[in-house]
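Q: Below: one structure in structure tokens.
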There are 4 protein chains.
Amino acid sequence: MPPNPAFKRIALMGRQRQNGTYDTLITLHDYLVDKGYAVVFEKETAEHVSPQKVNAVASDELSQTSDIIIVVGGDGSLLHAAQIAIDQSLPILGVNRGRLGFLTDMHPNNLPKIEEVLNGHYHEEPRFLLRAEVLKKEEAVAYVEGLNEVVLFPSDVAHMIDFDIMINQQSVCSLRADGLIIATPTGSTAYALSGGGPILHPELNAVAMVPMFPHTLTNRPIVVSADSHILINISHQNTCDAYASADGQRRVQIEVGDRVHIHKKSAPLRLIHPLDYSYFDTLRAKLHWQKGHA
Amino acid sequence: MPPNPAFKRIALMGRQRQNGTYDTLITLHDYLVDKGYAVVFEKETAEHVSPQKVNAVASDELSQTSDIIIVVGGDGSLLHAAQIAIDQSLPILGVNRGRLGFLTDMHPNNLPKIEEVLNGHYHEEPRFLLRAEVLKKEEAVAYVEGLNEVVLFPSDVAHMIDFDIMINQQSVCSLRADGLIIATPTGSTAYALSGGGPILHPELNAVAMVPMFPHTLTNRPIVVSADSHILINISHQNTCDAYASADGQRRVQIEVGDRVHIHKKSAPLRLIHPLDYSYFDTLRAKLHWQKGHA
Amino acid sequence: MPPNPAFKRIALMGRQRQNGTYDTLITLHDYLVDKGYAVVFEKETAEHVSPQKVNAVASDELSQTSDIIIVVGGDGSLLHAAQIAIDQSLPILGVNRGRLGFLTDMHPNNLPKIEEVLNGHYHEEPRFLLRAEVLKKEEAVAYVEGLNEVVLFPSDVAHMIDFDIMINQQSVCSLRADGLIIATPTGSTAYALSGGGPILHPELNAVAMVPMFPHTLTNRPIVVSADSHILINISHQNTCDAYASADGQRRVQIEVGDRVHIHKKSAPLRLIHPLDYSYFDTLRAKLHWQKGHA
Amino acid sequence: MPPNPAFKRIALMGRQRQNGTYDTLITLHDYLVDKGYAVVFEKETAEHVSPQKVNAVASDELSQTSDIIIVVGGDGSLLHAAQIAIDQSLPILGVNRGRLGFLTDMHPNNLPKIEEVLNGHYHEEPRFLLRAEVLKKEEAVAYVEGLNEVVLFPSDVAHMIDFDIMINQQSVCSLRADGLIIATPTGSTAYALSGGGPILHPELNAVAMVPMFPHTLTNRPIVVSADSHILINISHQNTCDAYASADGQRRVQIEVGDRVHIHKKSAPLRLIHPLDYSYFDTLRAKLHWQKGHA
């Protein structure tokens, strides 16, 4: 560790589901401790690691012990950790398990490069989240937040839903569809891309609204400013309730007649990349753009 | 005419191609003259109208005689007039011939409403253009400018072209396709929409790059900041030259080995709308969103 | 009624949900009775009509009293009646409520034209159905049948499902998606069209497999022979069960590890059209092909 | 060579453009001669090989000297050879240069497997072609034939064309687009796939009509019987002529007012595959279906 590293106190996170996550966490822990960094494990992560080795800290106290969160895993693990990082005002660095992610772009074997980042050779990129609040009359009764996207869909499978969409108090359209995806640039290469949405460069302050299997074929994806206030009314003609889900991980119920207010969360995620990071390099690799047909 | 109208001196434009254009121009001319406005015709437009009635002014002198250009016709006519409006630093108002346009949103029969706009009841919306410069080595040898889009395509029909795309000096991808559309928000509802591009709200400072029939299926539309500098290299492996065209109206040749630099033109078009204009209303009407399936 | 009409005994069907259905049913009943036809109402339909006027017959006895079923309503009503028509080996004629359907192409006001059809001026078009059988080990434990499509989807909303697809005992692919639509030509202009599937002409003996929001972008719609035996394995890695649904009206559960066998039902629906029916006319009208952009 | 091989007399073809083609041709020639087969080179192919080694035969005489054509190269080379194979009523076997093709599915290094095919261990698959005849009044003045597709496009780049489409003397629609692809099942994985067309299984007797960048967004791909007679009228309102091209290799001009009659060529290509060939295996490999996102 150099005399004044950018990040001296490190919190490690990862989820048990995937193979190799814990081996990488332990390797990373030992390497960083050996180099003189103060390393703790987020508490739930720690429970899956041999207890004598580690200091466990509750996720809502990480800012007291750490300067940065390093999350090991795939993009799903980083999505999970993002909420904690924002709540704790901590930057986050993603380390994959050998397979490049859109968000977890550090390779686990290159420990010196990870250390370089901690020592200040990094680029910090703000990535905004969307917040969806369920309104009963004018009162917010529930919410979800997502780094990738908010999805509205029926509570019962295989139903269409009808909604009326307003943006900044202007009527956009009435939509009949399987659901609606509102994606951030971060999420534009995830679920929204499968739904025919465009790729949005992460530096754009924009969101893509992608109707899912719209009844009207000309209901195409629309990109609007991320500062828009999107208000969606779940029409009374619907025969079932709806859900708002965020990043495929959290969901809240929306009753017929409720409205959903979707807008940008003020605090962004502070995503850390090595200096040689290139968004387009990741895109090319993940979408197999150099591989001929398909 | 009120004592201090916002626009007192009016230039009228229109193209002969479409039925009804000249009737509307004459009606508009007579109405405005009668109300006390100073009205001239752009010179080429004037040639198709009975000469004793009108004052004709060359398009490059319109700013000396006029405060605003009113163009009568479809979106194509406004695209044509846009270049003059920008060169002359004049705002532009579009009047259709009875069928709503994305850009020509005033109905020709509602003359009092047109006068209301001239009297100050309007909203001015800046719409940016794209400029494509053909570079030989480092020198720009030709250019086109478009309000809707710039399209790169092969000089010979039914050929694919190979190009390498850089954005802000970062490599994006090598693309093999029938061509490439780079569309502004204004153009996102025109040709780019047929090609599978997203709808971009006009207030976005963004452009959509839409590959045309890409050989690699995952080469999907990408939206980037309109402040991007896009540099496209026409690879030496191409078997024919290429063209850059703007708004389907102007084109320049690109030889194999040349590069094209595409970026935002600094001066935007000043597009005038009545106060009750709503972008989404136009979108709903033009895309038949209220008409059930399809 | 002429001496030997093609269809002398008529069964009327319709569902209460839509406005105008019962008025049209009564009008049709009175007109046909007046002309000398033997007219009954399907029993559930009869319950909503004033009882003294009508002869009610259970749906599974219609072939004893009738030569043809006339269904009044939209395409959904005809989909509902199709199963009865096939079980009773009866042809079916669709009368809409003033708005053209893909399947209900007779206008309700043109009673003489409906009578012409009954008198023999018609074209009979066979439309095949798909049958999906849920297999536990090798045994079929449940099934659904659809004229439009069979859809496989997760039992819990907002989950992806993994399946392995075999056709005629050849491995096609492993698919990770929101679901899978297998559509007949009849269904190719319904739900599958919203999902990006192609339009299949009704005379084709083919089905379209349309993956819903596939994780792999190159998983595009595939059209195979309708004589194919499609076998879909719901992989053990799924975290929830699945459903097979037919025409959005019936559904059966599929447990993880079960397989689904999808194949053509041997007996087709006998769909009756007037002699001047044109599939492409319907397509043009329903998809607004003459209306310019969109 | 066994006593009675299925194919005893072999014609070799290949185009000079690609690296490795001639090495593979020579290797194949020597191997087969050594095994006792009678091997000739198609004349144009022979010109690029050292002349003392080979017997050269004009392409229109190959049926006198050979029982089968083996073409070495990519799918483009097989498309080129297909016309000769059909004219000479010869089956064709495709050998790639190390990279799997949709049509050239034999690997060049597995010489014993190629010999196995020649000895009778093969599956013959008929693949039909499309023929497009340009009609002036009722007379055919020119034609092209394609194994993949026929494409209609404007003679001048960056123009849209207007055509009226009839199928079996029924009006389908008026189309305004960059062009129109009519693809066979063989071609459904080539250019038409980039244009959003469906994959058609090769055993289907069907063609896909794929509008290119249609002005009307609901003009979606349509699949019709390959026995259809498609008649396309190049409307008088077009401002430039058109071309019909086949397989990107041959083209003929269509003047405004001409019509194009597109129908199935009666004689199919006899495509030879090894017994373990699976269409879906090729599809999976070529479209990277096993590679996660994209």
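Q: What number comes out for accessible area per residue over chain A if the probe is 1.4 Å? Units Å², please.
A: Result: 38 Å² of accessible area for each residue.
Q: I've got another one for you. What is the Cα centroid distance between segment D:115-140 and segment D:51-95, reported in whole angstrom?
A: Between the Cα centre of segment D:115-140 and that of segment D:51-95, the gap is 14 Å.
Q: If you don't mind, another one. Given a cut-off of under 8 Å on Cα pairs at least six residues apart, what relative contact order in percent is computed for segment A:1-103? If you can, show how the numbers build up before the last one.
A: Values: 169 pairs, mean separation 31.0, N = 103.
That works out to 30 percent.
Q: Using a 10 Å cut-off on Cβ to Cβ distances, tally the other chain neighbours for every residue of B:276-289 and report the average as a whole number.
A: Per-residue shielding by partner chains comes out at 5.
Q: A further question follows. For the rotation that brings chain B onto chain D, whose beta-carbon in chain B is nearest the axis, and what is that distance in whole angstrom?
A: Closest Cβ on chain B to the axis mapping it onto D, in Å: B:Val157, 3.
Q: Let me ask something additional. Give the accessible area for B:Arg251 in Å² (nearest 10); use a 1.4 Å probe, count only protein heavy atoms, and leave out ligands, DNA and RNA.
A: 90
Q: Which FRET efficiency value, to the nearest 0.05, is calculated for B:His229 and C:His121 with the Förster distance at 60 angstrom and r the Cβ-Cβ distance?
A: The calculated FRET efficiency here is 0.30.
Q: At 1.4 Å probe size, with no ligands or nucleic acids counted, give the accessible surface of D:Tyr122 in Å², nearest ten.
A: 70
Q: Turning to a different aspect of this structure: List the residues whose amide H sits under 5 Å from the amide H of D:Ala6, counting only those 5 or more places along or on another chain, with H placed 1.01 Å from N in the peptide plane.
A: D:Asn119, D:Gly120
Q: Taking each residue in A:186-193, count the Cβ atoms of any other chain within 10 Å of its Cβ, then average. What number comes out?
A: 3
Q: Going by a 1.4 Å probe on protein heavy atoms, which residues of segment D:141-160 end up with at least 50 Å² less accessible surface in the whole assembly than in their chain alone?
A: D:Val157
Q: For peptide C:196-209, what's the mean number of Cβ atoms from other chains within 10 Å of each residue's Cβ?
A: Numbers: counts 8, 4, 14, 9, 7, 8, 0, 5, 7, 4, 8, 0, 4, 2.
Taking the mean over all residues of the peptide, I get 6.
Q: How large is the helix-only mean residue ellipticity at 222 nm for chain A, computed as the sum of -39500 (n - 2.57) over DSSP H runs with n ≥ 4, divided by its residue count, in deg cm²/dmol to the nearest 500?
A: Working: 7 runs with 55 residues, N = 294.
Here the helix-only value at 222 nm equals -5000 deg cm²/dmol.
Q: Of the residues C:Leu93, C:Leu193, C:Leu152, which exhibits the maximal mean-square fluctuation in a Gaussian network model of chain C defined by a 10 Å Cα contact cut-off?
A: Largest GNM mean-square fluctuation: C:Leu193.
Q: Compute the label-point distances linking B:Ser171 to its equivalents in the other copies; points lie 7 Å from Cα along Cα→Cβ; give nm, one decimal, shortest first.
A: 3.4, 5.2, 5.4
Q: Hey, another quick one. Gap in Å between the Cα centre of segment C:231-294 and the Cα centre of segment B:219-294?
A: With segment B:219-294 and segment C:231-294 each reduced to a Cα centre, they are spaced 38 Å.
Q: Just grab the label-to-label distance for C:Ser89 and A:Asp281, each label 7 Å out from Cα along the Cβ direction, in nm (one decimal).
A: According to this spin-label approximation, the distance is 7.2 nm.
Q: Sort all Cα-Cα distances of segment B:1-72 into consecutive 5 angstrom bins from zero, then give the percent of pairs in each bin up to the one containing the longest distance.
A: In order of increasing distance, the bins hold 3, 18, 30, 26, 15, 6, 1, 0 percent.
Q: Hey, could you pull the Cα Rg and Dmax for segment A:73-192, both in Å?
A: In Å, with Rg to one decimal and Dmax whole: 18.3, 55.
Q: Give the interface area between chains B and A as buried accessible surface, both sides summed, probe 1.4 Å, in Å² to the nearest 100.
A: About 3300 Å² of accessible surface is lost on pairing.
Q: From the backbone phi of segment C:20-33, what are the Karplus-calculated ³J(HN,Hα) couplings (6.51 cos²θ - 1.76 cosθ + 1.60, θ = phi - 60°) in whole Hz, Gly and Pro given as x?
A: x, 4, 6, 4, 5, 4, 5, 4, 5, 4, 5, 4, 6, 4
Q: So how far, in whole Å, is the C-alpha centre of segment D:157-196 from the one of segment D:13-36?
A: For segment D:157-196 versus segment D:13-36, the Cα centre distance is 38 Å.
Q: Taking only Cα atoms of the protein assembly as shown, what ratio of Rg to Rh do you get with Rh as the Kirkwood inverse-distance radius?
A: Radius of gyration relative to Kirkwood radius: 0.99.
Q: Which value in nm describes the separation of the simple spin-label points at C:Gln16 and B:Met1, placed 7 Å from the Cα toward the beta carbon?
A: That separation, rounded to one decimal, is 6.9 nm.
Q: Can I get the semi-axes of chain B's equivalent ellipsoid? Compute them from the C-alpha gyration tensor as square roots of 5 times the eigenvalues, in angstrom, largest first.
A: Equivalent ellipsoid of chain B: 37, 21, 17 Å, largest first.
Q: In nm, one decimal, shortest first: how far is the label point of B:Ala158 (7 Å from Cα along Cα to beta carbon) from the matching points in the other copies?
A: Shortest to longest, the spacings are 2.1, 4.7, 5.1 nm.
Q: When the accessible area of the protein assembly as shown is computed with all protein chains present and a 1.4 Å probe, what percentage of it is carbon and sulfur?
A: The C+S portion of the solvent-accessible surface of the protein assembly as shown is 46 percent.
Q: Using a 1.4 Å probe and ignoring any ligands, DNA or RNA, find the accessible area of A:Lys136 and quote it in Å² to the nearest 10.
A: 70
Q: Excluding A:His263 itself, what net charge comes from residues whose Cβ is under 10 Å from its Cβ, given Lys and Arg +1 and Asp and Glu -1?
A: Computed value for this residue: +1.
Q: Can you check what the Kirkwood hydrodynamic radius comes to for segment C:130-264, Cα pairs only, in Å to one decimal?
A: Hydrodynamic radius (Kirkwood, Cα only) of segment C:130-264 equals 14.4 Å.
Q: Restricting to Cα pairs below 8 Å that are 6+ residues apart, what does the relative contact order work out to for chain A? Please round to a whole percent.
A: Averaging sequence separation for qualifying contacts and normalising by length gives 18 percent for chain A.
Q: Return the single residue from B:Asn110, B:Asn148, B:Asn238 with maximal mean-square fluctuation; model: Gaussian network over chain B, springs between Cα atoms under 10 Å.
A: In this elastic network of chain B, the residue with the biggest mean-square fluctuation among B:Asn110, B:Asn148, B:Asn238 is B:Asn110.
Q: With the label 7 angstrom out along Cα to Cβ, how close does B:Asp281 come to the same site in each of the other copies, in nm, nearest first?
A: 3.8, 5.0, 6.3
The values are calculated or read from the model by the stated rules, or taken from the named source; none is laboratory data. Quantities reported herein were computed from a predicted structural model and do not represent experimental measurements. For neighbour counting, all protein chains shown are included, and Cβ atoms are generated from backbone atoms with ideal geometry for every residue, glycine included. Accessible surface areas use protein heavy atoms only, side chains included; no ligands, DNA or RNA. Shrake-Rupley method; radii C 1.70, N 1.55, O 1.52, S 1.80 Å.
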